[in-house]
Amino acid sequence: MKTQLTITKREFGFNRAKKNDLTTNSLPKKLMITGLKRTLILISIFFMGALVSNNLYAQAGASASKETTVKGMVSDDSGPILGANITLKGTKVGTSTDKDGAFIFPKALTPGDILVFSYLGYETQEVKIEENTTFINLVLTTDLIEIMGAVNADTPYKSKR
């Protein structure tokens, strides 16, 4: 079962091996894979791999919770509030209002999430997101700020020059 190979040069500069078979029974014909069969096998392996690696979820819409993008306005008795903070409770995800008091929350929210609205001088309020919540119109109420302590006027200020 010996095979000799001689290399001949073609006119295009490519080397081609020419087979001089001493014996022609190197493989049975049943085990030989032709070019078309090889291509079909590779394509079928590719598609089977794609099907197995794809994350398929049966009835994903029925079991997944509904996520919504929430927009809104934050104001007080005198009008819109610029720079009010809106955060998702328990996370660092949040946004702030623009000059018109409007906001768009950057993350899609699910029912049950809680948004925390805060601004200096106003009471912090929490709003729970329901299934049909897409717009929040919130009016903040003022909070009483009390400064504790006494003014010390016993000694005048002296410069250290």
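The values are calculated or read from the model by the stated rules, or taken from the named source; none is laboratory data. Note that this is a predicted model, so its numbers are computed, not measured. Quick reminder, even Gly has a Cβ in these numbers, built from the backbone with ideal geometry, and neighbours come from all protein chains shown.
Structural remarks
- Comparison of Ile114, Ile104, Ile136 shows that the only residue that is closer than 16 Å to Asn85 by Cβ, touching a Lys or Arg at 6+ places or on another chain (Cβ under 8 Å) and in contact (Cβ under 8 Å) with a residue 40 or more places away in the chain is Ile136.
- Check on Val70, surrounded by 10 or more Cβ atoms within 10 Å (Cβ to Cβ) and modelled with pLDDT of 55 or more: yes
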